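Here the structure comes first, spelled out in structure tokens, and everything after it is commentary.
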Amino acid sequence: MESFSTQIPALLKLIQNITSAPEFENGYHFLGHSQGGLIMRSLSMLFPHKIHTLISLAGVQNGVYGFAPLKFLGPFQGLSDKLITSLLYSSLMQETFSVASYWHSLDQPQYESKCGFLPVINGLVSRSFEGVTTSASQRKANFLRTKKMIYFGSPSDGTVGPWNTSLFSFFNNSSASTTAPMQQQNFFLEDTFGLRSMDERGSLNLVPVEGVEHSHWLRNETIFVENVISRLLI
């Protein structure tokens, strides 16, 4: 679970090398699960690609405030989400631990100032991030090169909180009891990275699916075929 400052530059170089091959001249698909969904979406913003369809399965698109596996890791056992926030926003965690890159505090100013990656890629702040050398306008233009995007999530996820972060929703400020949909998020309202433009042109698909646990998107062949493969064939 290396930090995004390590993962993003390495993956960007790898993806650019792969997709420059002649067999990908006519385009390709991106698919990612969990934090991989966020990584794939981020990579789509960082170079002038030929992505046909980007698919995110239970992706942490608007970050998490609650991540079940953390409760079983040594330094986090028994800690409240508030204390976990303090740990994850430390310089050490931001530089070494992937979850810290998209941990979304309920305190919006704290999130925007302390979380190193997600507020940058979502266009909420203009500071630099290691491995992200493109400007905000370049990232938006690259994002809009993708022909179609499909984001899946399930109320039965059981791992990330809130589950509908995968659909760009998030908890209401200062409350983890209710969520606000994508359409009420600042990055959508201000179209900071192109999400509203993608929606307005009819290329954005948000797909909630009942009864799918977090890992089952990849482990259950029936779920994958019925939801993912069927949409790639359209």
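The values are calculated or read from the model by the stated rules, or taken from the named source; none is laboratory data. All figures in this text were calculated on a predicted structure; none of them were measured in a lab. Methodologically, a virtual Cβ is constructed for each residue, glycine included, from the backbone with ideal geometry; neighbour enumeration extends over all protein chains shown. Note: accessible area is taken over every heavy atom of the protein model, side chains too, but ligands, DNA and RNA are not part of it. Shrake-Rupley method; radii C 1.70, N 1.55, O 1.52, S 1.80 Å.
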* Asked: Based on DSSP, what percent of beta bridges with both residues in the stretch 50-186 are antiparallel, to the nearest 5?
  -> 40
* What's the extension gain from ASN220 to GLN110 if we count 0.36 nm per residue and subtract their Cα-Cα distance? -> 35.8 nm
* To do: Would you work out the charge dipole size for the chain about its Cα centre, treating the Cβ of every Lys and Arg as +1 and the Cβ of every Asp and Glu as -1, and quote it to the nearest 20 debye?
  => 400
* Quick one: accessible area per residue over the chain, 1.4 Å probe, rounded to a whole number of Å²? -> 46
* Relative contact order computed over the chain (Cα-Cα under 8 Å; 6+ residues apart), in percent -> 23
* Asked: In the chain, with Lys and Arg counted as +1 and Asp and Glu as -1 at Cβ, which of these residues, PRO9, ILE150, LEU57, has the Cα nearest the positive end of the dipole, that is, farthest along it?
  -> PRO9
* Ignoring ligands, DNA and RNA, what percent of the accessible area of the stretch 118-234 is carbon or sulfur (1.4 Å)? -> 47
* **Loop-resident sites, the stretch 50-122, for trypsin sites (Lys or Arg not before Pro), counting at most 16 other Cβ within 10 Å (DSSP)** => LYS50
* To do: Looking at the chain, send over the antiparallel percent of its DSSP beta bridges, to the nearest 5.
  => 20
* To do: Estimate the FRET efficiency between SER137 and LEU189 by the formula 1/(1 + (r/R0)^6), using the beta-carbon distance for r and 22 Å for R0, to the nearest 0.05.
  => 0.75
* For LYS114, which lysines qualify as cross-link partners when the Cα separation must be under 16 Å and same-chain residues fewer than eight apart are set aside? -> LYS82
* **Rounded Å value of the spacing that divides the Cα centres of the stretch 81-121 and the stretch 11-51** => 25
* To do: For ASN173, put the label point 7 Å out on the Cα→Cβ axis and report which residues of the stretch 108-124 keep their amide N under 15 Å from it.
  => 108-113
* Asked: Expressed as a whole percentage, what fraction of the accessible surface of the stretch 23-109 belongs to carbon and sulfur atoms when a 1.4 Å probe is rolled over the protein heavy atoms?
  -> 62
* Structure fact -> For LYS148, counting only lysines whose alpha-carbon sits under 22 Å away and dropping same-chain residues fewer than eight positions off, the answer is LYS50, LYS140
